[in-house]
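For reference, the structure discussed in these notes is given below.
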Amino acid sequence: MATSRELYDEADRLKDEGKLEEAVAKYQEILAQEETYALAHAALAVVLGKLDRHAEAIQHARRVSELEPNDAFSHAQLSVVYQRAFAATNNPQFIQLAEDAMGRSRMIEGGM
């Protein structure tokens, strides 16, 4: 059985080749064997966003911030995912959520 890291490398290669649906399946395979693999959740959020599957992208970006609550980048990525969801849907709720996530990121960076 391949390790999570090996599967991640394969998923990343698929993503780089533009095989986004295949990359999604590979990232999901990783999470089926190791649900707390934050890097797979983060990558999945990006790929799902590119596929206009914003609700799913948000779920994975939120999971990253839950797994790594003291990591400023995790909250910044969540903010970007919300911004992209807003751009695709024009749902103003996503703007406030994006601002909240960026605020958490800045607080962590500032040591507050």
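Bear in mind these aren't lab numbers, they're just calculated from the coordinates by the rules spelled out. All of these numbers come straight from a predicted model, not from anything done at the bench. Virtual Cβ from ideal backbone geometry, glycine too; neighbours counted across all protein chains shown.
Assorted remarks:
- Among the GluC sites (Glu not before Pro) in segment 1-86, those located in a DSSP loop and surrounded by at most 10 other Cβ atoms within 10 Å of their own Cβ are Glu17.
- Pairwise FRET efficiency - Ala88 versus Glu109, Cβ, R0 = 35 Å, nearest 0.05: 0.80
- Per-residue [θ]222 nm for the chain (sum of -39500 (n - 2.57) over DSSP H runs n ≥ 4, rounded to 500): -26500 deg cm²/dmol
- Computed P(r) (all Cα pairs; segment 69-112; 10 Å bins; percent): 36, 45, 17, 1
- Cα extents of segment 4-110 along the three principal axes, largest first (Å): 35, 29, 20
- With each label modelled as a point 7 angstrom along the Cα→C-beta vector, the Leu51-Lys19 pair spans 1.4 nm.
- Sites Phe73 and Thr3, calculated FRET efficiency, Cβ-Cβ separation with R0 22 Å, nearest 0.05: 0.40
- Semi-axes of the equivalent ellipsoid of segment 1-60 are 17, 14, 8 Å, computed as sqrt(5λ) over the eigenvalues of the C-alpha gyration tensor in descending order.
- Cα long-axis angle, helix 54-67 against the chain (0 to 90 degrees, to the nearest 10): 80 degrees
- When only the Cβ of Lys, Arg, Asp and Glu is charged (+1, +1, -1, -1), the dipole of the chain relative to its Cα centre reaches about 340 debye.
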